[in-house]
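A.B. asks: First, the structure itself, so that you have it in front of you.
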Amino acid sequence: MTGKNTGVRAAKTTANRVKMLAAARELFTTRGYTPTTMKAIAEQAGMAVQTLYFTFATKRAILSELLDVEIAGDAEPIATMDRPWFAAAVAAPPAEQIRLQVDAAATIFARVSPLLEVIRSAAATDPELAELWETNIAQRHLVQFRLAEALAAKTPLREGITAARAADIALATLAPETYRLLVTERGWSAAEWASWATRALTLQLLPPEPAFDTPDPEGTR
């Protein structure tokens, strides 16, 4: 009975955590980070504010955990570079690797783009969120650098492009600001964005296809 009770309590705790994160996401993305109070999050989640403080301690802690969950798509403590999509991209041929990493970015941005915009906007006036934003950029760059290293190990990159420069190019092309501009503001579909980003990275990073002369049947050349 004790074990059963423990399991019930754990499940309830997890469910309450999910409710609090969902409430915070709703308020952060509709009201903004600064106007959203801990009391408002607790009320939105149907929880006592003391429970919210006990679970997360600070509003920044809620946002940080929410960002991790949104990026991953689940609450499992598995780093991005340990995720199946990353391993599949690293193992794929060059052009397929680029397609897979763009597809992964599109899937992630579909979930997290509104929240990243909340952080980016608030970072201008909130030092804690500025630090969170810079950390997110650094993490995204590291992922792109590891992918660029994997790409360079399979094929020569376009002339003059190092793995470090390739990572910078991918970081800019697959930036959440670009995704938001084209998909949210300009009305592109996620598939159109992914097609554009895949072609842009392919042209920027991979060497050009060799040109073959067309045979001249008339013998005039």
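A.B. asks: Hey, any idea what % of the chain's accessible area is carbon plus sulfur with a 1.4 Å probe?
C.D. replies: Numbers: 7250 of 12660 Å².
Carbon plus sulfur share of accessible area: 57 percent.
A.B. asks: Glu159 to Thr202: extension gain in nm, 0.36 nm per residue of separation minus the Cα-Cα distance? List each step's numbers first, then the result.
C.D. replies: Values: separation 43, 0.36 × 43 = 15.48 nm, distance 1.31 nm.
Net length gain for the segment: 14.2 nm.
A.B. asks: A further question on this structure: Projected area of the chain, taken from the Cα convex hull and averaged over every viewing direction, in nm²? Present the calculation step by step, with values, prior to reporting the outcome.
C.D. replies: On the way: hull surface 72.3 nm².
Its average projected convex-hull area is 18.1 nm².
A.B. asks: Now, a different point. For every helix of n ≥ 4 consecutive DSSP H residues, a contribution of -39,500 (n - 2.57) applies; sum these over the chain, divide by its total residues, and give [θ] at 222 nm rounded to the nearest 500 deg cm²/dmol. Numbers along the way, then the final one.
C.D. replies: Values: 10 runs with 157 residues, N = 221.
One gets -23500 deg cm²/dmol as the mean residue ellipticity at 222 nm.
A.B. asks: How long, wide and thick is segment 1-70, going by the Cα atoms along their three principal axes, in whole angstroms, largest first?
C.D. replies: Largest first, segment 1-70 extends 45, 23, 17 Å along its Cα principal axes.
A.B. asks: If I take every Cα pair under 8 Å that is 6 or more residues apart in the chain, average their sequence separation and divide by the length, what percent do I get for the relative contact order? Don't skip to the answer; put the middle values down first.
C.D. replies: Numbers: 180 pairs, mean separation 37.8, N = 221.
With pairs under 8 Å counted, the relative contact order is 17 percent.
A.B. asks: Tell me the Kirkwood hydrodynamic radius of segment 130-200 in angstroms, computed as one over the mean inverse distance between distinct C-alpha pairs.
C.D. replies: On the way: mean 1/r = 0.0756 Å⁻¹.
This gives a value of 13.2 Å.
A.B. asks: Could you work out the pair-distance distribution P(r) of segment 69-121 from its alpha-carbon pairs, with 5 angstrom bin width and percents rounded to whole numbers?
C.D. replies: 4, 20, 24, 23, 16, 10, 3, 0
A.B. asks: Okay, moving on. Counting GluC sites (Glu not before Pro) as exposed when in a DSSP loop with at most 16 other beta carbons within 10 Å, what is the longest stretch of the chain free of them? It would help to have the intermediate numbers written out before the result.
C.D. replies: Values: sites that count: Glu159, Glu218.
My reading of the result: 1-158 is the longest stretch.
A.B. asks: A further question on this structure: Restricting things to alpha carbons, find the Rg to Rh ratio for segment 99-221 using the Kirkwood radius for Rh.
C.D. replies: On the way: Rg = 18.7 Å, Rh = 16.3 Å.
Taking Rg over the Kirkwood Rh, I get 1.14.
The values are calculated or read from the model by the stated rules, or taken from the named source; none is laboratory data. Computed from a prediction, not measured in an experiment: that's the story for all the values here. Quick reminder, even Gly has a Cβ in these numbers, built from the backbone with ideal geometry, and neighbours come from all protein chains shown. Quick note on the areas: whole protein, heavy atoms, side chains included, nothing else; ligands and nucleic acids left out. Shrake-Rupley method; radii C 1.70, N 1.55, O 1.52, S 1.80 Å.
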